[in-house]
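A.B. asks: Okay, here's the structure, questions in a sec.
The values are calculated or read from the model by the stated rules, or taken from the named source; none is laboratory data. As the structure is a computational prediction, the values presented were derived from the model and not from experiment. Every residue, glycine among them, receives a Cβ derived from its backbone with ideal geometry; neighbour counts consider all protein chains shown. With ligands, DNA and RNA removed, areas are computed over all heavy atoms of the protein, side chains included. Shrake-Rupley method; radii C 1.70, N 1.55, O 1.52, S 1.80 Å.
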Amino acid sequence: MGVGRRPLLNSDRKYDSTERKQRGKHRHRDILNEENEPLMGRKKKLYHLISPKELAPEEVAEGRKHAEMIQKLIKTPLQEMFLTRMVKAKSTIHVYVNNVMKSILKPEKIPKGVCYFFGFLDGEAAKNKITDPEILHIWKTNSLLLRYWVNILKNPEFVFDIQKTTIVDSCLNVITQAFMDGCTVTNVKLSKDAPSNKLLYAKDVMEYKIWVKEFYSNVSSQDSVNKEEMDNFLLGLSKKFKVEFNRTAALQQMLGLLKKYSKEILAIMKVNENIYIRNEAYYNIENILKLGNGEVSFPSPQEISV
């Protein structure tokens with residue numbers, strides 16, 4: 001006799017149907033997970049024991065505050081982390097920076113050109129009845145220290161054959177800013193939130209202010225230099241470096257500019273208020289350029305005389 005299959009009871013049918021439905025749901029969920037795995041991976045969040053949705057409102061606010069503080073520390077590191085290194089770097093170069101400042105503001109001998117120019121500014125102030133010392137201070141600062149020396153301090157490659165790196169450029173900007181602050185008349189009180197470079201050189205700036213005032217005072221105490229003395233000085237200076245100056249090359253460059261802008265130059269000279277420029281200088285330039293039929297030609301090297 002063959003063994004017959006046991007007829008299914010109602011309870012068995014219900015169990016079998018329920019099991020198939022559960023397996024179908026799991027299978028459907030697995031398919032969705034496979035399809036959406038990249039998307040879910042990007043939105044994945046890790047919970048510490050419980051979901052944030054289950055936290056109390058005050059706990060949520062506290063957690064958000066901590067998260068914001070951590071992000072702020074990551075994006076903007078604490079100044080204190082670099083303060084020690086900055087102070088160490090500043091102390092290392094302090095002697096060299098001070099020597100440069102002293103060579104500018106405490107020279108052994110005041111240059112004749114500075115005496116002449118500052119005397120000219122003093123004369124203009126007296127002529128225009130300007131008695132405010134701060135105005136003269138600003139004139140002299142803008143004319144010499146800020147216009148000339150700041151350029152040299154910030155761009156040493158103008159004078160020396162060097163290649164300035166980005167880090168060196170940033171450091172020179174800090175030193176130059178300290179020098180500029182030392183040239184000002186007003187005193188600015190720095191708070192703890194002030195830039196670190198200003199806090200670093202705050203003490204030095206106050207010393208530079210004293211040096212600048214002493215420098216101006218020393219220049220004023222020098223003997224005045226008249227125009228004739230200055231002309232003779234410049235003439236001697238040009239003769240001293242005559243070998244290094246190629247006058248023919250300079251003249252050729254000037255002639256090139258004259259040729260390029262001949263019409264404009266002659267048109268302006270012809271209506272100039274100065275009689276010499278309008279007449280003699282105009283005809284001299286016209287002869288040099290050999291204007292003929294609207295064309296300009298250069299003089300030959302034999303015709304060039306300086």
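A.B. asks: Look through V87, V114 and report the one residue that is surrounded by 11 or more Cβ atoms within 10 Å (Cβ to Cβ), assigned to a helix (DSSP H, G or I) and at pLDDT below 90.
C.D. replies: V87
A.B. asks: Now, a different point. Of (1) surrounded by fewer than 10 Cβ atoms within 10 Å (Cβ to Cβ); (2) outside any loop (DSSP other than H, G, I, E, B), K109 satisfies all except one. Which?
C.D. replies: Result: K109 passes all but (2).
A.B. asks: Report the residue count in the range 181-194 for those that are among the hydrophobic types (A, V, I, L, M, F, W, C) and open to solvent by less than 70 Å² (accessible area, probe 1.4 Å).
C.D. replies: 3
A.B. asks: Can you go through I277, I268, I285 and tell me which one is part of a helix (DSSP H, G or I), at pLDDT 85 or above and surrounded by 10 or more Cβ atoms within 10 Å (Cβ to Cβ)?
C.D. replies: I268
A.B. asks: Could we say that E80 is at pLDDT below 80, acidic (D, E), open to solvent by 80 Å² or more (accessible area, probe 1.4 Å) and closer than 17 Å to L200 by Cβ here?
C.D. replies: Judged against the criteria, E80 is a match.
A.B. asks: Which condition number in (1) farther than 21 Å from I110 by Cβ; (2) touching a Gly at 6+ places or on another chain (Cβ under 6 Å) is the one that S224 fails?
C.D. replies: S224 satisfies every listed condition except (1).
A.B. asks: Within the range 128-146, which residues are of a type in the set (S, T, N, Q), open to solvent by 70 Å² or more (accessible area, probe 1.4 Å) and part of a helix (DSSP H, G or I)?
C.D. replies: Listed by number, the list holds a single entry, N142.
A.B. asks: Only residues that are over 16 Å from the mean Cα position of the chain (by Cα) and touching a residue at least 60 places away in the same chain (Cβ under 8 Å): list them for the range 139-181, please.
C.D. replies: Residues satisfying the conditions are K140, T141, L145.
A.B. asks: A further question on this structure: Considering only the range 195-210, state which residues are modelled with pLDDT of 90 or more and either open to solvent by 60 Å² or more (accessible area, probe 1.4 Å) or over 30 Å from I135 (Cβ atoms) (or both).
C.D. replies: Listed by number, the residues that qualify are M206, E207, I210.
A.B. asks: Quickly run through the range 161-180 and pick out the residues that are open to solvent by less than 40 Å² (accessible area, probe 1.4 Å) and under 15 Å from I138 (Cα atoms).
C.D. replies: Across the range 161-180, the qualifying residue is only F179.
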